[in-house]
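Each remark here refers to the structure printed beneath this line.
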Amino acid sequence: MESGTPPSEMPNILVVDDDPDVREILAETLMEFGYRVLEAGSGEEAMPLLEQRQDIALLITDVRMPGMSGLELVGLARRHDPRLRVIVMSGYFLPQPVTARFLRKPFHMQELAAAIRAELP
């Protein structure tokens, strides 16, 4: 991020992961990068945020979660807002078509930063 960008202009990122430790680490790291962060522990918890807020620039979601999978969440979220930028992540991912940037867990935070820079204008 450019150091001269005021925090109020930084994009909102929604982090969705059912593992609270992973979610917390990601959220803290993203805040250190200067982003504003929203968190959800499931796809079901994330959808109302995505439907009610117009200021979420990027969705970062785990693929494997109980209930709604991350891929299902991406599909629903993009039906609501086709312009939504998305990064999916997983440590257990089986090859299948994914219409989003993918990070395999575990990843370095520099890889996450690079993926975010590639997704956000």
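No value in this document is a laboratory result; all are computed from the given coordinates. Remember, predicted model here, so these are calculated numbers, not experimental data. As a convention, Cβ positions derive from the backbone with ideal geometry for all residues, glycine included, and neighbour counts pool all protein chains shown.
Overview of results
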quantity	calculated
Neighbour-count order for Thr29, Thr61, Thr99, fewest beta carbons within 10 angstrom listed first	Thr99, Thr29, Thr61
Distant-in-sequence amide H partners of Ile87 (H built 1.01 Å from N, under 5 Å)	Leu59, Ile60, Thr61
The chain: Rg to Rh, with Rh as the Kirkwood radius over Cα pairs	0.93
Degrees between helix 20-32 axis and first principal axis of the chain (Cα, 0 to 90, nearest 10)	20
Neighbour-count ranking [beta-carbon atoms within 10 angstrom, fewest first] of Met68, Met109	Met109, Met68
Magnitude of the charge dipole, the chain, Cβ model with Lys/Arg +1 and Asp/Glu -1, debye to 20	520
HN-Hα J in Hz across region 69-86 - Karplus 6.51, -1.76, 1.60, θ = phi - 60°, x for Gly and Pro	6, x, 5, 5, 4, 4, x, 5, 5, 6, 5, 6, 9, x, 8, 4, 7, 9
